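The values are calculated or read from the model by the stated rules, or taken from the named source; none is laboratory data. None of the values given here were measured: they were computed from a predicted structure. Please note: Cβ atoms are built from the backbone with ideal geometry, for glycine as well, and neighbour counts cover all protein chains shown. In case anyone asks, the SASA skips ligands and DNA or RNA and just uses the protein heavy atoms, side chains included. Shrake-Rupley method; radii C 1.70, N 1.55, O 1.52, S 1.80 Å.
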Amino acid sequence: GSSGRVFIIGGSRNFIGAAYFAAASAYKVGAGLVTIATPRSLVYPLSVKIPEATFIPLRESNDGAISSNNLDLIAPQVSRYDSLVIGCGIGQDPQTQIFLSKLLTNINTLPKLIIDADGLNWLSSMNIKKRISTIKKLSKYKIMVKFVGRSPESLLINNLPYQLIICVEIPLFP
């Protein structure tokens, strides 16, 4: 892990490939250690596809998504990584959205953060007050986000599809 440590919270029964592609991409750009926190039933198929990764098996909902009661498995791990990737293939299960809210509300120190795909859908699904509060909390971590063709404030006002929002300029490694 001396070349950078990436922690990915991703995958669900319907979108198993997204967690794989996020991990493979992290290795391709030079990460030394990649850990994937994913629903328990996905650990074996992912480990066959990307055996160099380490895994944290998460409790899952009946639909194969990350359940809301996984904070105890994730919180102690986050500070050990240089970057945290949230959203790749997590789907839009209400249980997973509760988990994301708990994660970003209860962890005081986050590494460099990349919110992608359904993580951005989760943000855009919030009511305006909660969205503003969450983005303000995340902005203290100096997350740099580029909004294609939009101002950053438009995320606070509109429910933008995630394809319009691209996270960029977030160095994966110190």
statement: The one condition Ala23 fails out of (1) surrounded by fewer than 23 Cβ atoms within 10 Å (Cβ to Cβ); (2) over 16 Å from Leu73 (Cα atoms) is (1)
field: Residues satisfying the stated conditions in segment 1-13, i.e. within 13 Å of Ala117 (Cβ to Cβ) and in a loop (DSSP other than H, G, I, E, B)
entry: Gly10, Gly11, Ser12
- request: Residue by residue through segment 14-31, note down the ones that are among the β-branched types (Val, Ile, Thr) and either touching a strand residue (DSSP E or B) at 6+ places or on another chain (Cβ under 7 Å) or not in a loop (DSSP other than H, G, I, E, B) (or both).
  value: Ile16
task: Please determine, by comparing only the residues of segment 75-97 that are open to solvent by 10 Å² or more (accessible area, probe 1.4 Å) and of a type in the set (Ser, Thr, Tyr), which one is modelled with the highest pLDDT.
output: Tyr81
query: Quick one: would you say Asn70 is open to solvent by 10 Å² or more (accessible area, probe 1.4 Å) and not aliphatic (A, V, I, L, M)?
result: no
Residues of segment 26-42 that turn out to be open to solvent by 30 Å² or more (accessible area, probe 1.4 Å) and not aromatic (Phe, Trp, Tyr), as a count: 7
message: Checking the condition open to solvent by 80 Å² or more (accessible area, probe 1.4 Å), modelled with pLDDT under 75 and of a type outside the set (Asp, Glu), which residue from Lys140, Lys130 passes?
response: Lys140
statement: Here the residues within segment 47-94 that are more than 12 Å from Phe7 (Cβ to Cβ), part of a strand (DSSP E or B) and touching a strand residue (DSSP E or B) at 6+ places or on another chain (Cβ under 7 Å) are Leu58, Glu60, Ile66
